[in-house]
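Below is one structure, written out as structure tokens, with a few remarks after it.
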Amino acid sequence: MHTDLVAALDIGGTKIAGALVDGQGRILARAQRPTPARENGETVMRAVEAVLGELAASELWRCARAVGIGSAGPVDASAGTVSPVNVPGWRDYPLVARVRDAAGGLSVELIGDGVAITAAEHWQGAARGHDNALCLVVSTGVGGGLVLGGRLHPGPTGNAGHIGHISVDL
């Protein structure tokens, strides 16, 4: 019997992926849809809801205790909003509130996708056992995250280490 699962969402410019994950990091159910990145914000949200709906159809959904979101950024974790550069229909989009509604009121946490990847690498992957790490993701965009002193450092908005959003004035 699985208890205390987390529903994980990975929202990017190419795909929206979801999974039900146990405390050891095992993926027990998954769902995925293409991101309709050039469509309006509600169309993108319908794709997120379709992924959540597919996960909720699993008998394991009743064991889900929270939803964790790693989204293309920038994100504002304190406000619960996203403004992914590669999803123009989402500017200051209230993703946390919308996912909470779609997930039946489960607790929802938001961080940038690069920070999420860094957390995963520190927990289970290449950065495991290291007190300090910078992890980079190169996908539709460029993101990153930091582990400092053995702890994930998302920063005040969930974007720390997300070098793809640094402006350089030549």
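Some notes on this structure:
- Only one of (i) 58; (ii) 54; (iii) 65 was calculated from the structure for percent of Cα pairs over 19 Å apart, and its label is (ii).
- Distance in nm between pseudo-label sites at Arg30 and Ser139 (7 Å out along the Cβ direction from Cα): 1.2
- For the chain, share of DSSP beta bridges that run antiparallel, in % to the nearest 5: 65
- Placing a label point 7 Å from the Cα of Glu59 along the Cα-to-Cβ direction, the residues of the range 25-39 whose backbone N falls under 16 Å from that point are 28-30.
- The fewest-to-most ranking of Val138, Val51, Val82 by surrounding Cβ atoms within 10 Å reads Val138, Val51, Val82.
- Scanning the chain for trypsin sites (Lys or Arg not before Pro) that sit in a DSSP loop and have at most 12 other Cβ atoms within 10 Å, the longest stretch containing none of them is 39-90.
- Cβ crowding within 10 Å ranks Trp123, Trp90, Trp61 as Trp123, Trp61, Trp90, fewest other Cβ atoms first.
- Most mobile of Gly155, Gly104, Gly145 in a GNM of the chain (Cα contacts under 10 Å): Gly104
- Cβ-to-Cβ counts within 10 Å put Asp101, Asp76, Asp113 in ascending order as Asp101, Asp76, Asp113, the fewest first.
- Listed residues Gln24, Gln32, Gln124, most fluctuating in the chain (Gaussian network, C-alpha, under 10 Å): Gln24
- Listed residues Leu60, Leu146, Leu110, most fluctuating in the chain (Gaussian network, C-alpha, under 10 Å): Leu60
Bear in mind that the values in this text are calculations on the coordinates, not laboratory data. Just so you know, these numbers come straight off a predicted model, no measurement behind them. Virtual Cβ from ideal backbone geometry, glycine too; neighbours counted across all protein chains shown.
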